[in-house]
Every structure is written in C-alpha cells, then in structure tokens.
Amino acid sequence: MDNQTISARQYMFLVVFFIIGSSILIVPTPLAAQAKQDAWMSVILAILFGVIFVMFLNKIGSLSSGKTFVQSAIYVFGNWAGRLFCIFYLSFLYILASLVLRNIGDFMTTQIIPETPLQFTHILFLLVVIGGAYIGVESIARSSEIFMPWMILLLIFLTISIMPQINMDQLKPVLGNGVIPIISNSSIVIGTPLLEMVALLMIFPYVKEEKKAKRAWILGTVFGGGVLFLITILCLLVLGSDLTALNAYPTYRIAQKINIAGFLEGLEIIIAVIWMLTIFFKLIILYYATSVGIAQFFTLKDHRPLLLPLGMGMVVLSIIAYPDVAYFETFVGETWLPYSLTHGLILPAILMIGLLVKRRMSRN
Amino acid sequence: MWATISVIAVSLLIFFLEFPRLKRKKKTKEMWCFSTLLFIATTVSVLESRNVNLPNPLDYIQAFYNTINSWIGL
C-alpha cells in the first residue's frame, strides 16, 4: 500500500481501458452467434445494466471510506471470516488476470506471430505489466492519459476507413427473432467486462476526490460500452452476423478488409495496437489489484516483492487454463457468467450489507 | 531439460534480486510470504516444464457450477 493518488479523469480512462480490453476481442463472436443482426441492441441493454451496477459499486466505495475491498472485508468480517471472503475475491482476480493474458496470447499466436511459442508471448507481455505494477498506480494512470488519444484516433481511423464497405442491409430484419434473444444475450457483455469491474474497487480508494470519482466511473462505463457498441455494430455492418459469428476475431477481420483507394492495405496491425493497449491496461489493473490485495491479505506494507513470484505462477496458469478452443468456448459460454455473477455481484453485495450493519453498530 | 534449468535459473535470479533487499530492511513477514510464493510458483513451473499434467482450476470451477446448475434445473 503506497501513498499514491490519481485524479478522477485518469480513473475514467482506466475504466474505459478496463471495459474495452479483451472484451473487444471475445465479445462480438458469441453475441453475433446468438442474437444475430440484433446483437448491437444487447450491448445497449448491457450498458444500461452497467450504469446501475457501477452505482452499486460506487455505494460500496463510499461506504468503505478509503479502504480497499480486501481491507474493508477484513475490517467488517474480522480476521478469519474476512480472510476467507478475500480468498474468493483474490482467486477470482488472479484467474481473471491469467485468462486475460491468455486472450492476448491466443490472439498473437493465431493471427500475428504464429511461430513464437505461447509461453514467450506471455512472458514478454507480463514483464512489461510487472514493470508497471512495480512503479505503482500513479504511473499506470498517467500512462493511460498518454495512450487514450492514440486509442481514440485509431478507432476513428478504423471507423472512417471501413465506411465504404458498410452495408446497411446487414442489420435487417430488425428484431427478426423477437426481443427474448436480445435480453438473454446481453448477459454475455454483462459477464465479460461489466461484472469484472469489481476489481476496480481495489483502485477506487486511490482516487483523490470521491464525488468526482463516482461520476468518472459512470462516464467511463458509458464511454467504454460505447466503444464496444461501435465495434460490434461495425462487425455486423461489414461482415454480417453469420461471418461475425464464424470468425474467432471479427474485429481483426474487419481491419484486414480496410482498403483505401485500392493501394493502401494491410493496416490491421496498426489497428491491432488498440487491443494490445487496452488489454495491457486491463491486465495491469488486474495484476496490480491482485498483488496489492495479497499484500493487504497478509498485512504487508509493500506489494512489490510479490510481483515476480505471482507472475511466474500466472504464466503457468494461463497456459494450462485452456487446453483447446472448444474448452475456452464452453467455459466462456456456460461457466463464466455464473462464476462472475457470484464473485462480481454477490460477494460485493454481502460486503455492502456487512458495511451497512457495521456502520449502524458503530453509531449506536 | 533446458526448460527446467531455465525455470530454476529464473527463480534463483528472482530470489537473489528481492531477498537481500528484504533482509536488509529486516522485513520478516515479507521474507516469508515472498519465499513461500516463489517456492510454490517454482514448483508449479518446474512440473509444467516437465510436461506433468497439472490440475486445472477451471475444471473445478466448471464442475462446481455444473452441479449448482443441475440443482436449480437450468
């Protein structure tokens, strides 16, 4: 735990990166597979849920008054029950971080550098992340300020250069399958980036002004969700719902289709910078949250000695996590939503009840 | 073989990078946590580099939620 603070705007950028990272790669495929051409409506529904969910997390953030999730859990439930509670939370963060690492590793090995073994991609990516987590949250937040304009520019570039290939007929028929698939499929977006935001409760206490931080969190959620919406609808408009569902990385596929005036092609790697950046920030937030959480779990003053051993374990976990693509698809499709629901919604809800009871008791 | 040797070399490197710093500051608790975590991570990595089939935590998570789903009847 170090004495660092970040501003509300930097926090907003971190939230945006956190939402876009890794879900930009894995969300459009299952959405288009099930909700077909109406997948974009599911994203809008999910953003609405996200705003309500962030209000709930904001409430916990202000109730715990400057304590992180782990600290307030130990404060509320005592030394043993609180620690048991934290084991669930921290294991969720650690597993999530290794899965995010696996996402970028899979993407790189299948699309960009197929000859490099998966381990080395993971190790190289993680080394940079460990370096960032070593310096602390202040530098992470400042670098997010530097990279945000790049991401926005690249997104605008992608949107404009793919404009000529947009076919509005791909969205028809609107509501062809009724409303039910749209509602049930918004759970994909809810499970992948939104419920994971419980990790940000470890960073929330570092933000200087609490009131501004709350607004920044909601704004960041809306903005990040907007980018997901843009990416999903671009995939649908350019590829159509069937091709989007068939491609493992439809966003990369549309970047490959960029063709400016017949002579400028092959720009996909420049566009891929978007997801490398966003996944980098998501991973660094998760990694920092995990290591600080474990340090507070053992009531250590410094989280830095834990970074390298945790990284070694994470490389192994990320490699054994998914034996093959079919396993990945069943896990993300069937198990991830209940898993993130219990750890992202029920755990914080229990903590919030505990905090409310504790506050009432201390008042009397 | 080379994978195992390099894993052990890396963990020794990490140990000698961090441990003297902690020892100088006399942080006993940090020293224990760091050493235990490093020991676990090294063991797991060595087993992985010897191609031992490690248990996958995601299997347990999946089995757990499948049982719960079958209780609820989904």
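The values are calculated or read from the model by the stated rules, or taken from the named source; none is laboratory data. As the structure is a computational prediction, the values presented were derived from the model and not from experiment. As a convention, Cβ positions derive from the backbone with ideal geometry for all residues, glycine included, and neighbour counts pool all protein chains shown. These area figures cover heavy atoms from the full protein model, side chains too; ligands, DNA and RNA do not enter into them. Shrake-Rupley method; radii C 1.70, N 1.55, O 1.52, S 1.80 Å.
A compact table of results
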item	result
Qualifying residue in the stretch A:255-267 (condition: away from chain B (no Cβ under 11 Å) and open to solvent by less than 10 Å² (accessible area, probe 1.4 Å))	yes
Hits in the stretch A:251-276 - residues which are in contact with a Phe, Trp or Tyr (Cβ under 9 Å, 6 or more places away or on another chain), part of a helix (DSSP H, G or I) and not small (Gly, Ala, Ser)	A:Thr251, A:Tyr252, A:Glu268, A:Ile270, A:Ile271, A:Val273, A:Ile274, A:Trp275, A:Met276
Among residues of the stretch A:210-234, those that are open to solvent by less than 30 Å² (accessible area, probe 1.4 Å) and under 30 Å from A:Ile74 (Cα atoms), counted	5
Failed item, numbered, when B:Leu58 is tested on (1) at the interface with chain A (Cβ under 9 Å from one of its Cβ atoms); (2) exposed (fewer than 11 other Cβ atoms within 10 Å of the Cβ)	(2)
Unmet criterion (only one of (1) in a helix (DSSP H, G or I); (2) surrounded by fewer than 18 Cβ atoms within 10 Å (Cβ to Cβ); (3) under 22 Å from the mean Cα position of the chain (by Cα)) for A:Ala248	(1)
Any hit, the stretch A:124-131, residues being more than 14 Å from every other protein chain (Cβ to nearest Cβ), assigned to a helix (DSSP H, G or I), surrounded by fewer than 16 Cβ atoms within 10 Å (Cβ to Cβ) and among the aliphatic types (A, V, I, L, M)	yes
Count of the stretch B:18-54 residues which are more than 8 Å from chain A (Cβ to nearest Cβ), open to solvent by less than 90 Å² (accessible area, probe 1.4 Å) and closer than 18 Å to A:Ser318 by Cα	5
In the stretch A:180-209, the residues that are buried (at least 19 other Cβ atoms within 10 Å of the Cβ), of a type in the set (A, V, I, L, M) and more than 20 Å from A:Arg9 (Cα to Cα)	A:Ile182, A:Ile188, A:Val189, A:Ile190, A:Leu195
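Results for (1) within 13 Å of chain B (Cβ to nearest Cβ); (2) buried (at least 20 other Cβ atoms within 10 Å of the Cβ); (3) assigned to a helix (DSSP H, G or I); (4) free of Cβ contacts under 8 Å to residues at least 40 places away in the same chain, shown as yes or no for each residue.
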residue	(1), (2), (3), (4)
A:Thr278	no, yes, yes, no
A:Lys282	no, yes, yes, no
A:Leu286	no, yes, yes, no
A:Ala295	yes, yes, yes, no
A:Asp302	yes, no, no, no
A:Gly311	yes, yes, yes, no
A:Val316	yes, yes, yes, yes
A:Tyr327	yes, no, yes, yes
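Quick grid of which residues meet (1) at pLDDT 90 or above; (2) touching a Pro at 6+ places or on another chain (Cβ under 8 Å):
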position: A:Thr5; (1), (2): no, no
position: A:Pro28; (1), (2): no, yes
position: A:Met55; (1), (2): yes, no
position: A:Gly61; (1), (2): no, yes
position: A:Tyr89; (1), (2): yes, no
